[in-house]
Amino acid sequence: MVRFVDEFRDADKAQALAARIAERCEPGREYKLMEVCGGHTHTIYKHGLEDYLPETVTLVHGPGCPVCVIPMGRVDDAMHIAAQPDVIMTSFGDMMRVPGSHGSFLDSKAAGTDIRMVYSPLDALKIAKQNPEKRVVFMAIGFETTAPSTAMTVLRAAADGIDNFSIFCNHVTIIPAIKAILDSPDLRLDGFIGPGHVSTVIGCRPYEFIARGYGKPLVVAGFEPLDILQSIYMIMGQLAEGRCEVDNQYTRVVPWDGNLKALQVINEVMELRPYFEWRGLGFISHSALRVRDAYARFDAERLFDLPGVRVADPKACQCGEVLKGVLKPWECKVFGTACTPETPIGTCMVSPEGACAAYYNFGRFTRTRVMEATRT
Amino acid sequence: MGGESEVCLGIPGEVMEIIEDRPDLARVDVSGVRRLINIGLLEGEEVGPGDWILIHVGFALSKIDEGEAKAAMQFLESIGQAYADELTALSGSRIE
Amino acid sequence: MSTVDREQQVLERIDRARRARARVKDERITLAHGAGGKATHSLIEAVFLEAFRNPILEPLEDQAVFSVGGARLAFTTDSYVVRPLFFPGGDIGELAVNGTVNDLAMSGAQPLYLSVGVILEEGFPVADLARVTDSMARAAQAAGVQVVTGDTKVVERGKADGCYLNTTGVGVITHDLRLGAGEARPGDVVLVSGPIGDHGVTIMLARGELDIEADLGSDTAPLADLVQRMLAAAPGVRCMRDATRGGVATILNEIARASEAAVVIDERAIPVRTEVRGASEILGIDPLYVACEGRFVAVVDPANADAALDALRAHPLGAGAAVIGQVKADPPTLVLLKTEFGGTRIVDVLIGDPLPRIC
């Protein structure tokens, strides 16, 4: 029994929660709830959670997949850095197949570039220590969940006097993304399943504008199937009672005030950019982080001459609409034909947290046929 | 996508020991597998052997509050029990 | 047209695309081509099968089966590029012998003779070569085979990462069963001979890049004897495949595709060691796609399933054997997993390469 994991995967409790959710549905009313975070999208598909919900409750998948929102121009910049002499580029696994204008990291690696997959930014720092004659660059991606770890690594590099390590900072922040969704005229949502791990860093307070200003409830949720079902149950409770608040289902991990130390280290090493381009969502102000002047020697953007070209998404790509939840994956014109997990056009299909990849791999077959086949 | 790495996962792990000359590092166990985890982001909190933490890309992001975990399980159990009771009552009434 | 119909159309289009003839669009080989998943299959079908096409090659099983002078023979080859060369539970030498012995065993053959081709890097320590060779000798003895011929090549420093091996094996088939990935029928039972993922995870951890310690060793083992016991007890075996590159998920997809049937497995029934589960969680990989080197999947007639399972469990190498699922008629060519949570998901073919060079 894996503690803190298995208990939250109990099928019987899921049935019970599903029944309670159904009770809270007003007859004849349709509900649309968005889960912002890519990790939630993944869990929902992986465990077939939509099968537990009544027909009238639909889950819309949001833009909380940090790999999915990186524009092609930035991928090209990263590939440009990787191709420089004596550079070892390091990256998380899910970045390896993201397509830029000239292929992905994996393609570049096949052509001879030294690109290595790492599990932690600390692994990249270790590679830098072990290869003093090389310049090691870490492709830093992720929301506020990952930014503190990148920042801590830069601080450690500074403390240890490592001068051949830098980061290519593509960290983005979650609140502007949610705001862009709320301001989008295409979407009518009833509530939000709030990001779990981002909230361990930023806490629950930053979401209050959603309840107060936009009148939608938000419940911060954990990543096990029962966590997500319970948070849906809590949202439906608010809707049934006409309440509209920020609530926390993931209390065992998320402190209401967040992690002060994590916020401090982010602030020490990084600052907000005036604006940043998000794939599919366009330019959003104060939505991304860059390295502060004091740590310029760890900033790949300053150490390397980047092409910095803005590259529009391929015409066929509808990732933007999928990221905003306006289109379901199978509604994208190239889904499953030109764009597959093997030959992805857009990032929604590349990242394991992307809605298209999740749907292609988990939710793809007609639910009824699948249910038939798995009935014992 | 089948089989590919998803690195933005946060997972729970149990602290086995704090490293002697590096109090910002802990040896952590996840289902019998052990790794050194940087607990620098939990500075200011008491972290010791037996504590459970949430691990993400080599760092601890948060200490798992066992009291809250227990409360969460109790809630789920009560819902589960109430549901099971209803089902029993329902099937019981069919026996007549 | 309703939303459901439109979605159905898209799904059907995907299904047709999946079954279409394989083409390789890449200009260069990537690590994905070696992973045992989709890219590997596309490469084999589009390049090798196209060029060599003949009826013996076509089934693309783990071994080729043909008759010579009244004897039915099984013939196979495998190359080993594992890194590191020495790891907990074995080394490249042991892998090279067991891997080829197992590919022969999967046809129900009695493995007899092996050849060994060695490609050495300039500068490779002779002591390490001796160590690898001793391993091969011991493994051959344990498997009941003899190494009867071989070849040695040396390439310049930097061109062979220490040592690459190739083994080719021949065995004799004395049963008259029809075995093959295309023989599975609805109602058949799917068995696995033991816990999965040990080898791949061991290698990943042995690379030392991840700073993870665990009590794990490779599961490399010769399976011919185990297979013979099972066949003796359960003649209704349809298909056997050892779960190497790409793992159990890849085997099941091959079977589902070849048999035009569905394979439905139960997550709770799949044996996985706790440490493999833990390491996989940390690494974000799925044990179903991780290579084993001493485990196989068998599809068995339901009438013989119990006998097959008992025979496996009675043998030291099959102690952890389990029934993991069933073959069904619908939806054809798909592998479905019932999650421990009661939901369902599709276990698709492997894309990309989570763990390069593990065998």
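Read-outs: derived from the displayed coordinates by stated rules, not from any lab. Just so it is clear, the model here is predicted, and its values are computed rather than measured. We place every Cβ from the backbone using ideal geometry, glycine too, and count neighbours over all the protein chains shown.
Computed quantities for the displayed model
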| item | result |
| --- | --- |
| Average other protein chain Cβ within 10 Å of Cβ, residues C:202-211 | 3 |
| Farthest toward positive dipole pole in segment C:192-345 [+1 Lys/Arg, -1 Asp/Glu at C-beta], among C:G284, C:I270, C:L334 | C:L334 |
| Inter-site label distance for C:E27 and C:L60 at 7 Å from Cα along Cβ, in nm | 2.6 nm |
| Sequence of C:D198, C:D78, A:D227, A:D183 once ranked by neighbouring C-beta atoms within 10 Å, starting from the fewest | A:D183, C:D78, A:D227, C:D198 |
| Dipole moment magnitude, nearest 20 debye, the protein assembly as shown about Cα centre, only Lys, Arg, Asp, Glu C-beta charged | 1760 debye |
| Paramagnetic reach from B:A84 (point 7 Å along Cα→Cβ, amide N under 11 Å) across segment A:1-40 | A:12-13 |
| Folded to 0 to 90 degrees: helix C:247-259 orientation relative to chain C principal axis, Cα | 50 degrees |
| Per-pair calculated FRET efficiency, R0 = 45 Å: B:L36 and A:H286 via Cβ, rounded to 0.05 | 0.80 |
| Sorted by Cβ neighbour density within 10 Å, fewest at the top, the residues A:H171, C:H33 | C:H33, A:H171 |
| Peptides ranked, highest mean first, by Cβ atoms within 10 Å: ranges C:102-110, A:305-313 | C:102-110, A:305-313 |
| Residue-averaged 222 nm ellipticity for chain C, from DSSP H runs of 4+ at -39500 (n - 2.57), nearest 500 | -9000 deg cm²/dmol |
| Where Rh is the Kirkwood radius over Cα pairs, Rg/Rh for segment C:181-346 | 0.97 |
| Estimated vicinal HN-Hα couplings, Hz - segment A:89-97 in sequence order (Karplus 6.51, -1.76, 1.60; Gly, Pro = x) | 8, 10, 7, 5, x, 5, 7, 4, 10 |
| Cα centre as origin, Lys/Arg/Asp/Glu Cβ charges: segment C:1-136 dipole, Debye | 620 debye |
| Kirkwood hydrodynamic radius of the protein assembly as shown, Cα pairs, Å | 28.0 Å |
| 0 to 90° range, to nearest 10: angle between helix A:121-130 axis and chain A longest Cα axis | 20 degrees |
| Loop GluC sites (Glu not before Pro), segment C:221-303 (other Cβ atoms within 10 Å of the site Cβ: 12 or fewer; DSSP) | C:E260 |
| Those lysines that a straight Cα-Cα span of less than 23 Å connects to A:K46, excepting residues fewer than 8 apart in one chain | A:K13, A:K32, A:K324, A:K328, C:K38, C:K328, C:K338 |
| Sorted by Cβ neighbour density within 10 Å, fewest at the top, the residues C:V155, C:V132, A:V36 | C:V155, C:V132, A:V36 |
| Signed unit charges on C-beta, dipole axis of segment A:72-117, positive-most listed residue A:I81, A:F92, A:S108 | A:F92 |
| Average beta carbon contacts from partner chains per residue of A:249-259, 10 Å cutoff | 5 |
| log₁₀ of I(q)/I(0) at q = 0.13, 0.17, 0.21 Å⁻¹ - segment C:61-174, Debye sum with one point per alpha carbon | -0.49, -0.78, -1.07 |
| Given charges at beta-carbon only (K, R positive; D, E negative), |dipole| of segment C:61-174 in Debye | 160 debye |
| Degrees separating the helix B:66-95 axis from the principal Cα axis of chain B, which is the longest one | 20 degrees |
| Top positive-direction residue, dipole computed over the protein assembly as shown with Cβ charges, set C:S135, A:T343, B:V57 | A:T343 |
| Extension reserve of the A:K333-A:E133 stretch, reckoned as 0.36 nm per residue once the Cα distance is removed | 67.2 nm |
| Distribution of pairwise C-alpha distances over segment A:270-328, 10 Å bins, in % | 19, 38, 29, 13, 1 |
| FRET efficiency, 1/(1 + (r/R0)^6) with R0 60 Å, evaluated for B:Q74 and C:D330 via beta carbons | 0.90 |
| Theoretical ellipticity at 222 nm over chain A - DSSP helices of four or more residues, -39500 (n - 2.57) apiece, nearest 500 | -10000 deg cm²/dmol |
| Shape of chain C, Cα gyration tensor, a/c cut at 1.5 | rounded |
| Cα-based equivalent ellipsoid, chain A: semi-axes from gyration tensor eigenvalues, Å | 36, 23, 19 |
| R0 of 60 Å, Cβ-Cβ distance B:E43-C:A127: FRET efficiency to nearest 0.05 | 0.80 |
| Average other protein chain Cβ within 10 Å of Cβ, residues B:71-79 | 6 |
